[in-house]
Amino acid sequence: MAKGIDVSHWQGVIDWLSVKESGIEFAILKAGGSDDGFYTDSTFEQNYKEVKAVGLPVGAYYYVGENCTSRADGIADAKRFLEIIKGKSFEYPVYIDLEDTAPAAKAGATEACIGFCETMEAEGYYCGIYASDVSGFAERLDITKLQKFDKWVARYGSKPQYVKTYGMWQYSSTGTVSGISGGVDMDESYMNYPEIIKGAAFTIVIVLVAVS
């Protein structure tokens, strides 16, 4: 198990050396999204540069908006994500972050996730899906159609209950970490992503672990 954080512009300027020295083992950075127009997170480039400089393994995520409800939408967002991260390398997965779609759009949101992940995988990235345990994977997605994709699950107070198989758990949004002012999302990873990604077989076979 590895201990990590995920951050965006909400964390402001981060002292990444202090973060690493505090015992954090990886970071997932917000790259951008489509929930407020199409944008690159204002801190992504600087955070990426500094995370790499201190040698902390890194991944990234893209926050999709409420209108990401078809396969075509998911592919379009993946292509925007690819432009943002072009030329960058990651030791942890890249994720679609789905939170804003309506529960009534479950079928379309599921197809959007599939299109997004398959597009990212076709470009050589290890891609997964971030959503909350109940309001995301249970209410907004059809998990039966997402078995082949890695999952990063948010649930606070206890480990995920609805999602049985996942690679990473976001367990708090109010963590305290040296080098960061204010609260920060805290994560646990149960897979050796750097080794999996280094092995370059992830676009064909994705191995998931069941966490009890």
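Trypsin sites (Lys or Arg not before Pro) within region 143-177: which are DSSP loop residues with at most 15 other Cβ atoms inside 10 Å?
Those that pass, being in a loop and sparsely packed, are LYS148, LYS164.
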In region 47-107, the trypsin sites (Lys or Arg not before Pro) that fall in loop regions by DSSP, at most 13 other Cβ within 10 Å: LYS86
LEU56 accessible area, 1.4 Å probe, all protein chains in place, Å² to nearest 10: 10
Estimated [θ] at 222 nm from DSSP helical runs (n ≥ 4, -39500 (n - 2.57)) normalised by residues in the chain, nearest 500: -8000 deg cm²/dmol
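How much length is gained on full extension from ALA72 to SER22, taking 0.36 nm per residue of separation minus their Cα-Cα distance?
Details: separation 50, 0.36 × 50 = 18.00 nm, distance 4.19 nm.
Contour length minus the Cα-Cα distance gives 13.8 nm.
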Amide hydrogen neighbours beyond the local backbone of SER132, cut-off 5 Å, H modeled: PHE137, ALA154
Share, in percent, of DSSP beta bridges within the chain that are antiparallel, nearest 5: 30
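Take the cross-link list LYS3/LYS148; LYS20/LYS49; LYS3/LYS151; LYS20/LYS151; LYS3/LYS52; LYS3/LYS49 and give me the ones stretching past 19 Å between alpha-carbons. Mind dumping the intermediate values first?
Numbers: LYS3/LYS148 24 Å; LYS20/LYS49 14 Å; LYS3/LYS151 16 Å; LYS20/LYS151 25 Å; LYS3/LYS52 17 Å; LYS3/LYS49 21 Å.
Pairs exceeding 19 Å: LYS3/LYS148; LYS20/LYS151; LYS3/LYS49.
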Whole-Hz ³J(HN,Hα) from phi, Karplus 6.51 cos²θ - 1.76 cosθ + 1.60, for region 103-116, glycine and proline x: x, 5, 9, 3, 4, x, 5, 5, 5, 4, 4, 4, x, 4
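Give the ranking of THR165, THR176, THR101, THR119 by solvent-accessible surface, highest area first, calculated with a 1.4 Å probe. Can you show the working numbers first?
Values: THR165 50, THR176 130, THR101 0, THR119 30 Å².
Greatest to least solvent exposure: THR176, THR165, THR119, THR101.
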Hz values of 3J(HN,Hα) by residue in region 164-177 - Karplus curve (6.51, -1.76, 1.60), Gly and Pro given as x: 8, 10, 7, x, 9, 10, 8, 9, 7, 10, 10, x, 10, 9
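Using per-residue counts of other Cβ atoms within 10 Å, averaged over each peptide, order 33-41, 122-130 from highest down.
Order by mean packing, descending: 122-130, 33-41.
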In Hz, Karplus ³J(HN,Hα) per residue of region 64-78 (6.51, -1.76, 1.60; θ = phi - 60°; x = Gly, Pro): 8, x, 5, 9, 7, 10, 8, 4, 4, 5, x, 5, 4, 5, 4
The chain: angle of helix 44-54 to the longest principal axis, Cα-based, in degrees nearest 10: 50
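Using packing as a proxy for protection, rank 91-97, 177-183 so that the peptide with the highest average count of other Cβ atoms within 10 Å comes first.
On the way: 91-97: 26.1, 177-183: 15.9.
Per-residue Cβ counts within 10 Å, averaged per peptide and sorted highest first, yield 91-97, 177-183.
The values are calculated or read from the model by the stated rules, or taken from the named source; none is laboratory data. Since we're looking at a predicted model, the values are computed, not measured. Neighbour counts are summed over all protein chains in view; Cβ atoms, including those assigned to glycine, are modelled from backbone coordinates with ideal geometry. Ligands, DNA and RNA are excluded from the accessible area calculation, which covers all protein heavy atoms including side chains. Shrake-Rupley method; radii C 1.70, N 1.55, O 1.52, S 1.80 Å.
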